[in-house]
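Participant: Below are the structure tokens for one structure; questions will follow.
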Amino acid sequence: MVTNRSAYNPGISLLPAENHARNGRRKNSDCGSLWDLLDAVKDPEIPALSLWDLGVLQDITQIDGAIVVTITPTYSGCPAMQVMAEDIAATLRQAGYDNFRISTRLAPAWTTDWLSELGRQQLRLYGIAPPRNESPIHCPRCDATEIRLISQFSSTPCKALYQCRDCAEPFDYFKPI
Ligand SMILES: [Zn+2]
């Protein structure tokens, strides 16, 4: 279920403070078209999920005529990060920008709390259970909570492999960090 929090909770943000600040940087940016352009850059492991919805894309600014794209790695040593940086560079070049640099910001560290609501929905559509801090994990296919852990590590270290006891499907769970 996707809810628009601001619709019924005006003025009260339930987002983590850092994500709230990130949304503000995009909203108040004078590089609006560049944010839209980089929405086309997806997580190489989950092609439905943009770097923005993943929470990796932090800021886009222009300094002395150069575009500076700031990203935060999902976790140190994530093999997808180099691909993400290359995809950002390729997307900017294809759009005719060649004066840019990609800056990596390590603190504050990325957490799965930065995944957007849309990002969580896209994970489910892709067959991956989105991270949950307290509530039970739901099967992304049938929404059942009767599940069993098969392996702490799945296709990538950031995911665990579960099986649904209801529909019997195995599925990946994006582990919260
Ligand atoms: Zn199921």
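Participant: Out of the residues in the range 118-155 meeting the condition of being modelled with pLDDT under 90 and within 28 Å of HIS20 (Cβ to Cβ), tell me which one is nearest to the chain's Cα centre (by Cα).
Facilitator: ARG132
Participant: Taking only pairs six or more apart or across chains, which ones have beta-carbon atoms under 6 Å, a first residue in the range 129-150 that is under 12 Å from TYR173 (Cα atoms), and a second residue that is among the aromatic types (Phe, Trp, Tyr) and more than 10 Å from the ligand (Cβ to nearest atom)?
Facilitator: Once the first residue is under 12 Å from TYR173 (Cα atoms) and sits in the range 129-150, its partners that are among the aromatic types (Phe, Trp, Tyr) and more than 10 Å from the ligand (Cβ to nearest atom) give ALA129/TYR173; PRO130/PHE174; PRO131/PHE174; ILE137/TYR173.
Participant: Considering only residues that are surrounded by fewer than 20 Cβ atoms within 10 Å (Cβ to Cβ) and either hydrophobic (A, V, I, L, M, F, W, C) or more than 10 Å from the ligand (Cβ to nearest atom) (or both), which ones fall in the range 159-177? Even if it seems obvious, please write down each step before you answer.
Facilitator: Initial filter on the range 159-177 (surrounded by fewer than 20 Cβ atoms within 10 Å (Cβ to Cβ)): 160-161, 163, 165-170, 175-177.
ALA160, LEU161, CYS167, ALA168, LYS175, PRO176, ILE177, listed by residue number.
Participant: Which condition from (1) farther than 23 Å from GLU169 by Cβ; (2) hydrophobic (A, V, I, L, M, F, W, C); (3) touching a strand residue (DSSP E or B) at 6+ places or on another chain (Cβ under 9 Å) is the one that ALA90 breaks?
Facilitator: Condition not satisfied by ALA90: (3).
Participant: Mind listing just one residue for me: the one in the range 19-49 that is touching a helix residue (DSSP H, G or I) at 6+ places or on another chain (Cβ under 9 Å) and free of Cβ contacts under 8 Å to residues at least 24 places away in the same chain and, of those, surrounded by the fewest Cβ atoms within 10 Å (Cβ to Cβ)?
Facilitator: GLY32
Participant: Another question about this same structure. Give the residue that is farthest from ALA48 (Cα to Cα), with candidates limited to residues of the range 138-158 that are away from the ligand (no atom under 11 Å from the Cβ) and surrounded by 19 or more Cβ atoms within 10 Å (Cβ to Cβ). Show your work before the answer.
Facilitator: First, the residues of the range 138-158 that are away from the ligand (no atom under 11 Å from the Cβ): 148-158.
In the following step, the residues that additionally are surrounded by 19 or more Cβ atoms within 10 Å (Cβ to Cβ) were identified as 154, 158.
On the way: SER154: 19, CYS158: 17 Å.
By that ranking, first place goes to SER154.
Participant: Return the residue satisfying two criteria in turn: it lies in the range 60-78 and is touching a residue at least 40 places away in the same chain (Cβ under 8 Å) and not polar (S, T, N, Q), and of such residues it is surrounded by the most Cβ atoms within 10 Å (Cβ to Cβ).
Facilitator: CYS78
Participant: Right, something else. Determine whether ARG132 is surrounded by fewer than 16 Cβ atoms within 10 Å (Cβ to Cβ), within 16 Å of the ligand (Cβ to nearest atom), outside any strand (DSSP E or B) and on the phi < 0 side of the Ramachandran plot.
Facilitator: Yes.
Participant: Kindly provide the set of residues from the range 144-163 that are out of contact with any His (no Cβ under 8 Å at 6 or more places or on another chain), in a loop (DSSP other than H, G, I, E, B) and hydroxyl-bearing (Ser, Thr, Tyr), ordered by number.
Facilitator: SER154, SER155, THR156
The values are calculated or read from the model by the stated rules, or taken from the named source; none is laboratory data. Treat the numbers as computed from the prediction; the structure is a model and nothing was measured. Methodologically, a virtual Cβ is constructed for each residue, glycine included, from the backbone with ideal geometry; neighbour enumeration extends over all protein chains shown.
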